[in-house]
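Engineer: Once you've had a glance at the structure underneath, I'll fire off some questions.
The values are calculated or read from the model by the stated rules, or taken from the named source; none is laboratory data. Quick caveat, the model's predicted, so the values are computed rather than measured. Every residue, glycine among them, receives a Cβ derived from its backbone with ideal geometry; neighbour counts consider all protein chains shown. Each accessible area value is taken on the protein alone, full model and side chains, heavy atoms only, with ligands, DNA and RNA left out. Shrake-Rupley method; radii C 1.70, N 1.55, O 1.52, S 1.80 Å.
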Amino acid sequence: MTPSLAPDDLAFRDEVRAFFADSIPDDWKTTVRSGLRLPPETLTAYQKRLADRGWGAPTWPVEYGGTGWTPAQLSIFWSEAAAADAPPQFHQGLELIGPIIFTYGRQAQKDFYLPRIITGEDWWCQGYSEPGAGSDLAALRTRADRDGDDYVLNGQKMWTSYAHVADRMFVLARTSTEAKRQQGISLILVDMDTPGLRIQPIHTLDEKHHTNEVFLDDVRVPLSNLVGEEGMGWGYGKVLLDRERMVAAATAMFLPQTLRAVREAAKRRRVPGGTLFDRPGFRSKLAQIEIEALALQAMVMRLMADAAAGADSGPRGSMVKLRWSELIQQATGLWVEALGPAAQHFEALDGNGKTPPDMPLALQGALYSRVTTIYGGSSEIQRNIIARRALGL
Amino acid sequence: MEFAYSDEQQILLESADRFGEENMGAAARLARLAEGPEGSRRRWAAMAELGWLMLPIAEADGGLGGGPVEIAALMEGFGRHLMIEPYVSCCVFAPALMQGGGDKASELLAQIGMGEVRIAAALLEDDGYSVFGVDTRAEGDRLTGTKVHAEDGADADWFVVSARTGGVYGDKSGISLFLVAADAPGLTVRRFRSSDSHRHCSLELNDVPGILLGERDTAVARIAAAADRALVAHLAEAVGSMEAATAATLDYVRTRQQFGVAIGTFQVIQHKLVDMSVACEESRALMSVAARSLESGTPDRALIAAARVRISQCGVMVAQMAVQLHGGVGTSEELVVSHHLRRQMMLDLILGDRDYHRARFVALSDA
Ligand SMILES: Cc1cc2nc3c(=O)[nH]c(=O)nc-3n(C[C@H](O)[C@H](O)[C@H](O)COP(=O)(O)OP(=O)(O)OC[C@H]3O[C@@H](n4cnc5c(N)ncnc54)[C@H](O)[C@@H]3O)c2cc1C
């Protein structure tokens, strides 16, 4: 989508375009298009490259090392990144804990952690969910008990994405037992190499290792690792919710990458009379998803305009998350279809097996996409939020 | 119109169910998959002993001559327990292609029934699904060309290969079937695992000796009939799988607590389960009608194409919802619902995708 750009923005766009033109190696592109994440080392290298250019934290204010970009600039940046098949930046440090630290953290925490997020030196993971606390996060049971100058953490976290590569984790834990479930929950920063912390992989249906169980067994961290005030951790989640619309907006802007991959697969596939891409039926299906993706981008633009005007965007972030997750599922599904019988060739069993270049990424992408309507608040929960916040039901 | 299984058919389903529970039960599933082809060979031998492998093979070829409804009963059990053995490809599809195909074919059919030989069909080329999209050429009985996908072909001893004995790519005649040994000179077999743990392959044929099956140039009708038989078997598998996924989800939403209540008390969850059960009901009815039509000897081919489209749609939708309603754990390897989803997605591609069958439906019902 090309909204009309002011001259300043046009110049900015050219600058961004030039940067991406020679910053994205070819071998990143196919993975990126599948909606799967690049390997952590690669993402870290990418983050460094952006940081060197001064663009490490596109959504942050200048005083914390961000760009201070306007929403228009942000959307230009993301569109250009998507067009160049650049990956989305890893969000857990940048969009989740970073902003909480600069909003509620003490000075020492800001000074230490924020620059390390921007340069990619620290990889963060989010230790919120637990076996009994998913949609109902307030049911969490992990405890952090004061003992001298330390908190002692005990409990189990689940679905902790990238815990296996992370340096640090931000954890929600109970620091007291109050009558109201949301009270007495605190936000605590934990180094992953602290004794008593054990990580166990969870294998998911796409056969990539994204996520983990994390066991906390008398894990001692200094009291100074508390973010903000004790017992107020739940409230900080509101900032997070607010920021999550940024995550949703950014990821939504990357949807066209997957649609380009679908096009290319269809152009490669020979059918009697031409290629699959020449078939009106297929084109029509692809067009439908492209059209919905355009609508989504328009929603993102409006969200960004709200942000620029300082207006409460209400549940628009939830709406973007809802639509994006549905569309990435449809797009990767169509990609599998475009590959045809080759889509069944997930893994070569012997040396001479050769899969098409976008297999098994397409199928992994399609399988992994099922997660997008579950994580970060399932679609059912997003709909509940919209019903309550937008419709007052 | 008959929908219920006969007593004998019901016994087949129950024995498949028992076998699945014992050999491929949800709890032991990952361990069994990790055993790889060895475990599968053991199960295959056990299936041979039960007489399942010869069930679909014609009596004239030493089989039991089981019809589409018997096969469906058995395949429902395969679907419920996601058994990965190459039953439809080896015991239903290939035999239907080979029936009346000459001495070597008869000999191999008897061996399939005993579990001594495995055969896979290798028909598909770049195009994917059209029976006419054949470029592989036969010069006399020597074949040259590429087959992009042979369902369950990785461990096959023989392949049934389609090739042009006349005309060009896309022509509606001039196609013949040949038997090709997996170790034939000039044949390269590339093996792949799919995400549902089936083992497939592609073939590169370079002047490979083949044995002509039946008459030259006349394979198209035979392929179409065999494909319908295999399709209906897979429909029953899909129904078994979607019903099992629905049952597992129903159990789960009754026990999983969030916000202090079982998630099954949320109306949106109830409605999704209702949609899943309606899809199961619709699919089962359609599958039965299609199987009975095939059994009648004058199959309504448009109906079979329609059943394939609709049941695939329902199967994928049900499995997706099963994953969704389980939340995070639904996406884990550990839980069987994610395996149902992978199988349903692959079933959706076997012997043509929905577009292909929709087009078939149009062509057949307009004719
Ligand atoms: C791959 C992956 C990565 C993840 N990464 C992280 C991470 O890094 N850090 C982290 O903390 N968490 C992470 N999560 C956890 C994720 O946030 C939870 O899975 C999610 O919140 C859903 O919780 P649950 O899995 O317990 O499902 P449940 O809450 O048990 O939900 C089961 C089903 O019930 C529905 N449901 C629940 N409550 C309601 C309701 N009130 N009304 C209607 N329907 C309802 C849900 O929508 C779902 O369909 C990840 C999850 C996955 C799958």
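Engineer: Just to be sure I understand the interface: list residues from region B:253-270 that lose 20 Å² or more of accessible area between the chain on its own and the complete protein assembly, 1.4 Å probe.
Structural biologist: By number: B:ARG256, B:GLN258, B:PHE259, B:VAL268.
Engineer: Here is a follow-up. Under Stokes-Einstein, with the Kirkwood radius over Cα pairs standing in for Rh, what whole-number D in µm²/s applies to the protein assembly as shown at 25 °C and 0.890 mPa s?
Structural biologist: For these conditions, the coefficient is 88 µm²/s.
Engineer: Which of the residues in region A:324-356 show a loss of at least 40 Å² in accessible area from their chain by itself to the complete set of protein chains, at a probe of 1.4 Å?
Structural biologist: Residues passing the criterion (a loss of at least 40 Å², heavy atoms only) are A:GLU337, A:PRO341, A:GLN344, A:HIS345, A:GLU347, A:LEU349, A:ASP350, A:ASN352.
Engineer: To the nearest Å, what is the center-to-center distance of region A:209-233 and region A:76-115, using C-alpha atoms only?
Structural biologist: 20
Engineer: Can you list the residues of region A:259-280 that have at least 40 square angstrom less accessible area with all protein chains present than in their chain by itself, probe 1.4 Å?
Structural biologist: A:ARG269, A:ARG270, A:PRO272
Engineer: Any number yet on Rg/Rh for region A:1-158, C-alpha, Kirkwood? Let's see the in-between values first.
Structural biologist: Values: Rg = 18.7 Å, Rh = 17.9 Å.
Checking Rg against Rh, the ratio lands at 1.04.
Engineer: Nothing charged except the Cβ atoms of Lys and Arg (+1) and of Asp and Glu (-1): what's the magnitude of the dipole of region A:1-78 about its Cα centre? Round to the nearest 20 debye.
Structural biologist: 260
Engineer: Could you run the numbers on buried accessible area between A and B, total for both chains, 1.4 angstrom probe, in Å² to the nearest 100? List each step's numbers first, then the result.
Structural biologist: Details: alone 18080 and 15470 Å², together 29560 Å².
Result for this pair: about 4000 Å² buried.
Engineer: Continuing with this model, one more query. Per residue, how large is the accessible surface of the protein assembly as shown? Use a 1.4 angstrom probe and give square angstrom.
Structural biologist: Numbers: 29560 Å² over 760 residues.
That works out to 39 Å² per residue.
Engineer: Using the Cα centre as the reference, give the magnitude of the dipole from point charges on the C-beta atoms of region B:7-114 (Lys, Arg: +1; Asp, Glu: -1; all else neutral), rounded to the nearest 20 debye.
Structural biologist: Working: 8 positive and 16 negative charges, 93 e Å.
Using Cβ point charges on Lys, Arg, Asp and Glu, region B:7-114 gives about 440 debye.
Engineer: Tilt of helix A:71-83 relative to the longest C-alpha principal axis of chain A, in degrees (0 to 90, nearest 10)?
Structural biologist: Between helix and principal axis, roughly 50 degrees.
Engineer: Can you list which of the GluC sites (Glu not before Pro) found in region B:1-74 are DSSP loop residues with at most 15 other C-beta atoms within 10 Å? Each step should come with its number before you reach the end.
Structural biologist: Working: sites: B:GLU2, B:GLU8, B:GLU14, B:GLU21, B:GLU22, B:GLU35, B:GLU38, B:GLU49, B:GLU59, B:GLU70; in loops: B:GLU2, B:GLU35.
In loop regions of region B:1-74 (DSSP not H, G, I, E or B), the sparsely surrounded GluC sites (Glu not before Pro) are B:GLU2, B:GLU35.
Engineer: Return the average number of partner chain Cβ atoms within 10 angstrom of each residue Cβ along peptide A:376-385. Can you show the working numbers first?
Structural biologist: Working: counts 0, 0, 4, 2, 8, 2, 0, 1, 2, 0.
Across the residues of A:376-385, the mean count of other-chain Cβ atoms within 10 Å is 2.
Engineer: Okay, moving on. Quick one: helix A:233-253 against the long Cα principal axis of chain A, what's the angle to the nearest 10°, folded into 0 to 90?
Structural biologist: Approximately 10 degrees, to the nearest ten.
Engineer: Using only Cα atoms, locate the centre of region A:322-393 and the centre of region B:28-86, then give the distance between them in Å, rounded to an integer.
Structural biologist: 31
Engineer: Using only Cα atoms, tell me the angle between helix B:219-255 and the longest principal axis of chain B; keep it within 0 to 90° and round to the nearest 10.
Structural biologist: Relative to chain B, helix B:219-255 is tipped by roughly 20 degrees.
Engineer: Can you grab the distance from the C-alpha centre of region B:162-230 to the C-alpha centre of region A:133-178, Å, no decimals?
Structural biologist: Distance between centres, Cα-based: 58 Å.
Engineer: For region B:100-194, which GluC sites (Glu not before Pro) are both in a DSSP coil and crowded by at most 13 other Cβ atoms within 10 Å? Could you put the intermediate results ahead of the total?
Structural biologist: Values: sites: B:GLU107, B:GLU116, B:GLU125, B:GLU139, B:GLU151; in loops: B:GLU116, B:GLU125, B:GLU151.
For GluC sites (Glu not before Pro) across region B:100-194 that sit outside H, G, I, E and B with at most 13 neighbouring Cβ atoms in 10 Å, the list reads B:GLU116.
Engineer: Tell me the label-point distance for the pair A:ASP278, B:MET114, using the 7 Å Cα-to-Cβ offset, in nm and rounded to one decimal.
Structural biologist: For A:ASP278 paired with B:MET114, the spin-label model returns 5.0 nm.
Engineer: Hey, what number do you get for the protein assembly as shown at 222 nm if only DSSP H runs of n ≥ 4 count, each worth -39500 (n - 2.57), divided across all residues, to the nearest 500? Can you show the working numbers first?
Structural biologist: Values: 23 runs with 361 residues, N = 760.
My calculation for the protein assembly as shown gives -15500 deg cm²/dmol from helical runs alone.
Engineer: Work out the FRET efficiency for A:GLN288 and A:LYS180 from their Cβ-Cβ distance, taking R0 = 51 Å, and round it to the nearest 0.05.
Structural biologist: Numbers: r = 46 Å, r/R0 = 0.91.
Step by step, r from the Cβ atoms, then E = 0.65.
Engineer: For B:GLU8 and A:LEU5, what does the FRET efficiency come to when R0 = 56 Å and r is the distance between their Cβ atoms, rounded to the nearest 0.05? Can you show the working numbers first?
Structural biologist: Numbers: r = 73 Å, r/R0 = 1.31.
The formula returns an efficiency of 0.15 here.
Engineer: Measuring from label point to label point, each 7 Å out along Cα→Cβ, what is the A:PHE215 to B:GLU282 span in nm?
Structural biologist: 4.6
Engineer: With charges only on Cβ, +1 for K and R and -1 for D and E, what is the dipole size of region A:32-117 about its Cα centre, in debye, rounded to 20?
Structural biologist: Details: 8 positive and 7 negative charges, 30 e Å.
I would put it at about 140 debye.
Engineer: Another question about this same structure. Given a 1.4 angstrom probe, I'd like the percentage of the accessible area of region A:230-365 that is carbon and sulfur, rounded to a whole number.
Structural biologist: Details: 3040 of 5240 Å².
That fraction is 58 percent.
Engineer: Pick out, from A:GLN183, B:PRO56, A:GLN73, the residue whose Cα sits farthest towards the positive end of the charge dipole of the protein assembly as shown, with +1 on the Cβ of Lys and Arg and -1 on the Cβ of Asp and Glu.
Structural biologist: Checked the options; the winner is A:GLN73.
Engineer: Related question: Express the carbon and sulfur contribution to the solvent-accessible surface of region B:53-168 as a percent, rounded to the nearest whole number, probe 1.4 angstrom.
Structural biologist: On the way: 1590 of 3190 Å².
Carbon and sulfur together cover 50 percent of it.
Engineer: Could you calculate the FRET efficiency of A:ALA311 with B:ALA247 from 1/(1 + (r/R0)^6), where r is the beta carbon distance between them and R0 is 56 Å, rounded to 0.05? Walk me through the numbers on the way to the answer.
Structural biologist: Working: r = 48 Å, r/R0 = 0.85.
FRET efficiency, A:ALA311 to B:ALA247: 0.70.
Engineer: May I pose another question? Could you check the simple spin-label distance between A:THR70 and B:ASP275, using points 7 Å along Cα→Cβ, in nm with one decimal?
Structural biologist: Spacing of the two 7 Å Cα→Cβ label points: 4.2 nm.
Engineer: For region B:7-114, what class follows from the C-alpha gyration tensor (a ≥ b ≥ c being the square roots of its eigenvalues): rounded when a/c is under 1.5, otherwise prolate if a/b is larger than b/c, else oblate?
Structural biologist: Oblate, since a/c reaches 1.5 and b/c is not below a/b.
Engineer: Using a 10 Å cut-off on Cβ to Cβ distances, tally the other chain neighbours for every residue of B:194-207 and report the average as a whole number.
Structural biologist: Working: counts 7, 13, 2, 1, 2, 1, 7, 4, 6, 0, 1, 0, 0, 0.
Going residue by residue through B:194-207 and averaging, the value is 3.
Engineer: At 1.4 Å probe size, with the rest of the protein present, what percent of the exposed accessible area of region B:1-51 is carbon and sulfur atoms? List each step's numbers first, then the result.
Structural biologist: On the way: 1600 of 3060 Å².
Answer for region B:1-51: carbon and sulfur cover 52 percent of the accessible area.
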